[in-house]
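Engineer: Before I ask anything, here is the structure I am working with.
FYI, it's all coordinate maths here, none of it is from the lab. Since we're looking at a predicted model, the values are computed, not measured. With ideal geometry, Cβ positions are generated from the backbone for all residues, glycine too; neighbour counts draw on all protein chains shown.
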Amino acid sequence: MDVEAGRVFREAWIAGVRKHFPGEPKAGYVTPWEETPGWERESAAAVCRQVREFVRLSGGGTSRLSREQRGRFVATCWIAQIHHRIEDPKPGYVADWSELPVWQQETDADIFDAIERASDQR
């Protein structure tokens, strides 16, 4: 597992939840990396690698994607990881973009941006 990639994702998730979640988020939403379940860490690392590769293969074209397109990409990659790692996931775990709460859509877009910024610094 690419721990660095997973941490980039998780730290962006936590920052996004703290910024966009209305009220006090559930403890599991802001659990530090070290306490995050293994399947979730592996999923975070995988999605980060997918975003990095998408940015690389797009040759900078991702900078022209809308905020919604950025967030949708993260959400879709995450759903694929859920299906990969959980036999019978709860419907909320695999909800389509349009069914996600606004705070989660905003957080997913923030995650894309954080991964893109981190990729630029590499």
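Engineer: Name the residue, out of Glu42, Glu99, Glu24, whose mean-square fluctuation peaks in a Gaussian network model built on the chain with Cα pairs under 10 Å.
Structural biologist: With Cα springs under 10 Å in the chain, the top fluctuation among Glu42, Glu99, Glu24 is at Glu24.
Engineer: Once you keep just the Cα pairs under 8 angstrom separated by 6 or more residues, what percentage relative contact order results for the chain?
Structural biologist: Contact order relative to length: 38 percent.
Engineer: How much length is gained if the chain between His83 and Glu24 is pulled fully straight, taking 0.36 nm per residue apart and subtracting their Cα-Cα distance, in nm to one decimal?
Structural biologist: Stretched out fully, the His83 to Glu24 stretch lengthens by 18.4 nm.
Engineer: What is the magnitude of the charge dipole of the chain about its Cα centre, with +1 placed on the Cβ of each Lys and Arg, -1 on the Cβ of each Asp and Glu, and no other charges, expressed in debye to the nearest 20?
Structural biologist: My answer is approximately 340 debye.
Engineer: Placing +1 on the Cβ of each Lys and Arg and -1 on the Cβ of each Asp and Glu in the chain, which of Trp97, Gly61, Thr31 has its Cα farthest towards the positive end of the resulting dipole?
Structural biologist: My answer, from the dipole projection, is Gly61.
Engineer: What three numbers, in Å, describe the spread of the alpha carbons of segment 3-120 along their principal axes, ordered from the longest?
Structural biologist: 36, 28, 25 Å, listed from the longest principal axis down.
Engineer: Starting from the 7 Å offset along Cα-to-Cβ, what nm value, one decimal, do you get for the label separation of Trp97 and Ala15?
Structural biologist: Reported label-point gap for Trp97 and Ala15 is 2.2 nm.
Engineer: Percent relative contact order of segment 37-105, based on C-alpha pairs within less than 8 angstrom and at least six residues apart?
Structural biologist: Across segment 37-105, relative contact order equals 33 percent.
Engineer: Using the basic label-point model (7 angstrom from Cα toward the beta carbon), what is the Glu68 to Asp2 distance in nanometres?
Structural biologist: 2.9
Engineer: Return the single residue from Val51, Val74, Val94 with maximal mean-square fluctuation; model: Gaussian network over the chain, springs between Cα atoms under 10 Å.
Structural biologist: Highest fluctuation among the options: Val94.
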